[in-house]
Amino acid sequence: MFSPIPDYLTEVLDGARSIVDGSVADYIPELAAADVDKIALAIALPDGHRYVVGDCDHVYSIQSMSKPFTYGLALSDNGIDVVLDKVGVEPSGEAFNEISLDDDGRPRNPMINAGAITAHSLIRAADPEERFARLLTLYSAAAGRELDVDERVYTSEAHTGHRNLAMGHLLRSVNILDCDPVDIVNGYFRQCSIRVTTADLALMAATLANGGVQPLTGEQVLPARAVRQVLSVTTSCGMYDAAGDWLSVVGIPAKSGVSGGIIGVLPGQIGIAAFSPRLDKHGNSVRGVHIFERLSADMGMHLMNVPPTHRTAIRSIDIVGDVEVVELQGALQFSNAEIIIRELVDNTSHPAPVVALDVRRVNSINDVARKMLLELLRRFVIEGKQVAIIDPDGAVGEVDLGDGIHAERWTSMPGETTRADDPGITPAR
């Protein structure tokens, strides 16, 4: 039997092939020579599995799809407050190469060129070579393989990038840059010239979807807090002056590049990359936009398509011997943890002396939900109950309830196989 997913992705790709609108980025001579017939689509899951269709091994320059990663490293190096002093987070409503600053003298966000040049300058390094080396190492770690630079694209950009150089000098004149603007802009050109494939980009997007952890290697490439900020800004600013339309129709945090690529990130779910060189007036791939619109519509990928998981967080509540077993399921966050707590608090009848939370069917639990459930167990102990967590895989983590109280961790329900290191089960008191 074969998975239907590649067939579906091929159908999506074939549906985009007939679109011939748009034109290549001819203001960069090397990009003007792009093969407009190339088209590719790749998705990568948090476990690193990829589905790739079309010309996914075709190599091209990363261009502005580099911006989220550079911004993430700037945040990691400096902290959010320092970065916010230099570059804002508001949508500009202007083209990606607009020469403009906000009322505080900052570039409006790090996804337009002025902001990206500023973010590049914030990478901590002794010199431009070290700064670029750190970025290349970061991009390679996110892609899961060693990347390199297309020197022809770099030379082409360096010889024609007068507008970006003008931005660099403007930023230096208002003290946003505190170093040689020519060095910074040249480093930015080199950053944009790193060579990738659509398959690479899907893994890089999946790294962001995975909270900064590269799915194949398990390496924490960027701190989770930095990734949250990156995705927040990418959601509202990543598609330039088409960001509002994109967010309302597609609803996937995304970043485009004038080489024809688009990366999309659904946190905790998937990384997506599409490629085709013809661009619309905003600088976004025409076919790529169509592909993302189709995926969002067909597969319910819009950010606002959130299932009401809180209604099914409690699978069952049973009395087994002297244990009240509360079986939980799904992905636990604040809203469904609150439903669990309300159900157990409102139901004042707890006849069994032991309360056990069974989390074996829980797919994930965030920190807030974890703290809420542990506090619930602590209050059961205060009321005289014994408590336990049926959690053989350690999904809940440390079961310290505070005040010197610990919940017992079981690997099975009463009547099933007990813990290997203990023939009996003694819940915490």
Ala352 vs (1) free of Cβ contacts under 8 Å to residues at least 12 places away in the same chain; (2) part of a loop (DSSP other than H, G, I, E, B): all pass except (1)
Leu170 - would you say it is in the same structural domain as His49 (by the TED database), under 21 Å from the mean Cα position of the chain (by Cα), over 22 Å from Pro253 (Cβ atoms) and not aromatic (Phe, Trp, Tyr)?
no
Note on region 340-380: residues closer than 19 Å to Thr312 by Cβ, small (Gly, Ala, Ser) and surrounded by 12 or more Cβ atoms within 10 Å (Cβ to Cβ) are Ala369
For this session: Determine whether region 105-114 contains at least one residue that is open to solvent by less than 20 Å² (accessible area, probe 1.4 Å) and either free of Cβ contacts under 8 Å to residues at least 40 places away in the same chain or in contact with a strand residue (DSSP E or B) (Cβ under 6 Å, 6 or more places away or on another chain) (or both).
Result: no
Note on region 394-429: residues exposed (fewer than 15 other Cβ atoms within 10 Å of the Cβ), modelled with pLDDT of 80 or more and under 16 Å from Glu327 (Cβ atoms) are Ser412
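Having 1 or more residues that are free of Cβ contacts under 8 Å to residues at least 60 places away in the same chain, in the same structural domain as Thr207 (by the TED database) and open to solvent by 50 Å² or more (accessible area, probe 1.4 Å) is the bar; report the helices (runs of 4 or more DSSP H) wholly within region 4-98 that clear it. Write out each step before concluding.
Numbers: elements: 5-17, 29-32, 67-78, 80-86.
Filter on region 4-98 gives 5-17, 80-86.
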For helices (runs of 4 or more DSSP H) lying entirely in region 176-266, having 3 or more residues that are open to solvent by less than 10 Å² (accessible area, probe 1.4 Å) picks out 181-192, 198-209, 224-237
Pairing a residue in region 378-393 that is modelled with pLDDT under 85 with any residue that is open to solvent by 10 Å² or more (accessible area, probe 1.4 Å), where Cβ atoms lie under 8 Å and the two sit 6 or more apart in sequence or on different chains, gives Asp393/Arg360
Any chance Ile123 is open to solvent by less than 10 Å² (accessible area, probe 1.4 Å), assigned to a loop (DSSP other than H, G, I, E, B) and at pLDDT 95 or above:
yes
Notebook entry, point to check: Does His162 fit the bill of being open to solvent by less than 10 Å² (accessible area, probe 1.4 Å) and not small (Gly, Ala, Ser)?
Noted result: no
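Does Gly264 qualify as being touching a residue at least 40 places away in the same chain (Cβ under 8 Å) and either basic (Lys, Arg) or under 18 Å from Asp35 (Cα atoms) (or both)?
no
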task: Assess whether Val53 counts as being closer than 18 Å to Thr197 by Cα and touching a Leu at 6+ places or on another chain (Cβ under 7 Å).
output: yes
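The values are calculated or read from the model by the stated rules, or taken from the named source; none is laboratory data. None of these values were measured; they are calculated from a predicted model. Neighbour counts run over all protein chains shown; Cβ positions are idealised from the backbone, glycine included. Ligands, DNA and RNA are stripped out before the accessible areas are found, and what is left, the full protein with its side chains, is counted by its heavy atoms. Shrake-Rupley method; radii C 1.70, N 1.55, O 1.52, S 1.80 Å.
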